[in-house]
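Visitor: Take this structure first; my questions come after.
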Amino acid sequence: MSVITAASAVPPFCLPRSGQRPRVAMMVRSSNALSAASILTKLHNDCATPLPLLRQVADSMAADMRAGLAADGASDLKMILSYVDALPTGEENGLYYALDLGGTNFRVLRVQLGGKEARVVSTEFDQVSIPQELMSATSEELFDFIASKLAKFVEKEGGKFELPHGRTREVGFTFSFALKQTSINSGILIKWTKGFAVSGTEGRDVVACLNEAMGRQGLNMRVSALVNDTVGALAGARYWDDNVMVAVILGTGTNACYVELMDNIPKLHAPKSAGGSTIINTEWGAFSRGLPLTEFDREMDAASINPGQQIFEKTISGMYLGEIVRRVLHRMSEDATLFGDSIPKKLQMPFSLRTPDVCSMQQDTSKDLEAVGSILYDVAGVNSSLESRKIVVEICETIAKRGGRLAGAGIVGILQKMEEDSKGAVFGKRTVVAMDGGLYEHYPQYRGHLQDTVTELLGPEISKNVIVQHSKDGSGIGAALLAATNSIYQH
Ligand code: BGC
């Protein structure tokens, strides 16, 4: 398998820096000064995730899933029908493309599939970061950007990849936002998330938007499958392992999908597929019940472009962990002189501390916490003492631990629901949860807390059968595989 990248890539779970300006350059310190220790103690308490709380979260997740399957709008969880009723088998053959629009980055892939024996013969991709201004541009501008990158990618082939005569290039489009899917290759955008505020797309079929943009580029390609990134990841992982039943993305945003029996979907009125199962995109980022939230979460939510929405996502995903830590540090420097007498200007800027910074600080094992010191200097413009650096690391750990444990509880909620409604067909055999996303991949402590929680909640026996495993870049290849499965030329 050859992999060629031409990337101006940024770290995969880094945040687009917010365009917002700091409210004031220098804040007046409040007179009722608190100690850093008392703020930290309160933070620990507010973020605590004891097992009974996590059990409650798992139970609520399962209950919300059932409510969302019963009727649209009946639950925080949209439980979206993906129209993916058949997963890749390994027989897929030919040349397919994938477009992946997710969070920070945008990717175009070309995948050469060689059937059961040769499998993935080659993969090549281009990746670019989404320019900040495009995230609040018009729909046309965003889709023109996407189509132009795709056109360049195809142009560079220079006749190297020939399709059989009369065939149009087929593409799987991974679109990682909540869609009301209307068929395997059409879907209406319900709501942008992850800081996107592009005008004119919500309420529209995103495949139509892409087709129009491809038309403007003179590009003749056909979208054969429109999939959420979780669905792509599930398909990509299932290609290699028949026991994959759930896929979870933990990156800039978060979400999960899983294999559901059609008989368990009261809101499904269409005829049942031969296999009797389908993939459900839970959109679990919108989950909100029983979460241990702090004043910092509430303030961040209130200041966000989607207040009151995506609360689970705002508590556990890569876009937000850094910002929560920043808010705590800001409060500590304001109320407890954590960084001396003045309040660092840069620290007042929303999203100036990013989740990769938080992660890097937690990896610092040096005696003086040197790396923590230099990140704090670069990000907040402060010279920190060893004592304040230790506090910072503890805050990072508190927020990462809460995130990882809640994500683990969410996974157990899904598995529990599947087990109960399939009358025991999940825990009694090897069941794989495919994980992807930069947060999961690059943050070892977060990953550890997630795994520990799954094991603790399921108990030693059942957890032997449940494999939570990283399935890197499955969503791109998965979309190409689903383009193959749904190719007009296969039928
Ligand atoms: C979107 C999901 C997506 C997830 C992970 C969320 O913000 O609503 O559709 O799967 O991010 O990328």
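The values are calculated or read from the model by the stated rules, or taken from the named source; none is laboratory data. Predicted, not measured: the structure shown is a model, and the values here were computed from it. Cβ placement follows ideal geometry from the backbone for every residue including glycine, while neighbour counts extend to all protein chains displayed. When the accessible area is computed, the model is the full protein with side chains, heavy atoms only, and any ligands, DNA or RNA have been set aside. Shrake-Rupley method; radii C 1.70, N 1.55, O 1.52, S 1.80 Å.
Visitor: So which of L69, L40 is buried (at least 20 other Cβ atoms within 10 Å of the Cβ) and part of a helix (DSSP H, G or I)?
Guide: Step by step, each of L69, L40 is checked, and only L69 is buried (at least 20 other Cβ atoms within 10 Å of the Cβ) and part of a helix (DSSP H, G or I).
Visitor: Related question: Where the second residue is charged (D, E, K, R) and open to solvent by 60 Å² or more (accessible area, probe 1.4 Å) and the first is on the phi > 0 side of the Ramachandran plot and lies in segment 349-377, which pairs have Cβ atoms under 8 Å and are six or more apart or on separate chains?
Guide: From residues that are on the phi > 0 side of the Ramachandran plot, the pairs are F351/R17; L369/K390.
Visitor: Considering only segment 218-229, I want to know if a residue exists there that is touching a Cys at 6+ places or on another chain (Cβ under 9 Å), closer than 21 Å to A98 by Cα, crowded, with 20+ Cβ neighbours inside 10 Å and not acidic (D, E).
Guide: Within segment 218-229, one or more residues are touching a Cys at 6+ places or on another chain (Cβ under 9 Å), closer than 21 Å to A98 by Cα, crowded, with 20+ Cβ neighbours inside 10 Å and not acidic (D, E).
Visitor: Identify, please: which residue in segment 301-315 is farther than 13 Å from D76 by Cβ and in a loop (DSSP other than H, G, I, E, B) and is, among those, nearest to the ligand (Cβ to nearest atom)?
Guide: Checked segment 301-315; the qualifying residue nearest to the ligand (Cβ to nearest atom) is N306.
Visitor: Among the residues of segment 316-345 satisfying the criterion of being among the polar types (S, T, N, Q) and more than 15 Å from the ligand (Cβ to nearest atom), which is least open to solvent (accessible area, probe 1.4 Å)?
Guide: The initial filter retains those residues of segment 316-345 that are among the polar types (S, T, N, Q), namely 317, 333, 337, 342.
Still in the running and more than 15 Å from the ligand (Cβ to nearest atom): 333, 337, 342.
On the way: S333: 1, T337: 64, S342: 62 Å².
By that ranking, first place goes to S333.
Visitor: Among the residues of segment 300-313 satisfying the criterion of being touching a residue at least 24 places away in the same chain (Cβ under 8 Å) and under 23 Å from D64 (Cβ atoms), which is surrounded by the fewest Cβ atoms within 10 Å (Cβ to Cβ)?
Guide: Q309
Visitor: For segment 86-94, state whether one or more residues are within 16 Å of the ligand (Cβ to nearest atom), assigned to a loop (DSSP other than H, G, I, E, B) and among the aliphatic types (A, V, I, L, M).
Guide: Within segment 86-94, none of the residues are within 16 Å of the ligand (Cβ to nearest atom), assigned to a loop (DSSP other than H, G, I, E, B) and among the aliphatic types (A, V, I, L, M).
Visitor: Looking only at segment 475-491, which residues are open to solvent by 50 Å² or more (accessible area, probe 1.4 Å) and part of a helix (DSSP H, G or I)?
Guide: The answer is I488, Y489, Q490.
Visitor: Go through segment 434-464 and give me each residue that's in contact with a Phe, Trp or Tyr (Cβ under 6 Å, 6 or more places away or on another chain) and free of Cβ contacts under 8 Å to residues at least 40 places away in the same chain.
Guide: Matches in segment 434-464: I462 only.
Visitor: Let me ask something else about it. For residues in segment 401-433 being farther than 22 Å from K194 by Cα and in contact with a Phe, Trp or Tyr (Cβ under 7 Å, 6 or more places away or on another chain), which is most open to solvent (accessible area, probe 1.4 Å)?
Guide: Out of the qualifying residues, it is E419.
Visitor: So which pairs qualify, if the first residue must be in segment 174-197 and free of Cβ contacts under 8 Å to residues at least 40 places away in the same chain and open to solvent by 30 Å² or more (accessible area, probe 1.4 Å), the second must be within 9 Å of the ligand (Cβ to nearest atom) and β-branched (V, I, T), the Cβ gap must be under 9 Å, and the two must be at least 6 apart or on different chains?
Guide: none
Visitor: Within segment 100-127, take every residue that is acidic (D, E) and not in a helix (DSSP H, G or I) and give me the one that is farthest from the ligand (Cβ to nearest atom).
Guide: The extreme case among them is E124.
Visitor: Exactly one condition in (1) of a type in the set (A, V, I, L, M); (2) surrounded by 24 or more Cβ atoms within 10 Å (Cβ to Cβ); (3) within 25 Å of I39 (Cα to Cα) is not met by A256; state its number.
Guide: (3)
Visitor: Scan segment 104-114 and tell me whether some residue there is open to solvent by 30 Å² or more (accessible area, probe 1.4 Å) and of a type in the set (S, T, N, Q).
Guide: Yes, segment 104-114 contains a residue that is open to solvent by 30 Å² or more (accessible area, probe 1.4 Å) and of a type in the set (S, T, N, Q).
Visitor: Spot the failing condition for T168; the list is (1) more than 16 Å from the ligand (Cβ to nearest atom); (2) open to solvent by 20 Å² or more (accessible area, probe 1.4 Å); (3) without any contact (Cβ under 8 Å) to a residue 60 or more places away in the chain; (4) under 23 Å from the mean Cα position of the chain (by Cα), and only one is missed.
Guide: (4)
Visitor: With respect to E140, determine if the residue is surrounded by fewer than 22 Cβ atoms within 10 Å (Cβ to Cβ), at pLDDT below 95, in a helix (DSSP H, G or I) and more than 16 Å from the ligand (Cβ to nearest atom).
Guide: no
Visitor: Could you grab the pairs with beta carbons closer than 9 Å, sequence gap of 6+ or different chains, first residue in segment 480-491 and under 18 Å from L99 (Cβ atoms), second one charged (D, E, K, R) and part of a helix (DSSP H, G or I)?
Guide: Correct list of pairs: L481/R238.
Visitor: Something else about it: Picking from L293, L338, L321, which residue would you name as being of a type outside the set (D, E), part of a loop (DSSP other than H, G, I, E, B), at pLDDT 95 or above and over 26 Å from D72 (Cα atoms)?
Guide: Result: L293 is the single residue among L293, L338, L321 that is of a type outside the set (D, E), part of a loop (DSSP other than H, G, I, E, B), at pLDDT 95 or above and over 26 Å from D72 (Cα atoms).
Visitor: I need the full set of residues from segment 445-462 which are open to solvent by less than 20 Å² (accessible area, probe 1.4 Å) and not β-branched (V, I, T), in order please.
Guide: Within segment 445-462, the first condition is being open to solvent by less than 20 Å² (accessible area, probe 1.4 Å), and the residues that meet it are 446, 450, 453-454, 459.
Result: Y446, L450, G459.
Visitor: How many residues does segment 147-165 contain that are part of a loop (DSSP other than H, G, I, E, B) and exposed (fewer than 14 other Cβ atoms within 10 Å of the Cβ)?
Guide: Counting residues in segment 147-165 that are part of a loop (DSSP other than H, G, I, E, B) and exposed (fewer than 14 other Cβ atoms within 10 Å of the Cβ) gives 9.
Visitor: Mind checking which residues of segment 44-66 are touching a residue at least 12 places away in the same chain (Cβ under 8 Å) and open to solvent by 60 Å² or more (accessible area, probe 1.4 Å)?
Guide: H44, R55, Q56, D59, R66
Visitor: Now, a different point. When the residues of segment 285-297 are narrowed to those that are within 24 Å of I411 (Cα to Cα) and more than 16 Å from the ligand (Cβ to nearest atom), which ends up most open to solvent (accessible area, probe 1.4 Å)?
Guide: So, considering only residues that are within 24 Å of I411 (Cα to Cα) and more than 16 Å from the ligand (Cβ to nearest atom), the one most open to solvent (accessible area, probe 1.4 Å) is R289.
Visitor: Need a quick list: strands (runs of 3 or more DSSP E) entirely within segment 189-284 having at least 3 residues that are away from the ligand (no atom under 16 Å from the Cβ).
Guide: 221-227, 254-261
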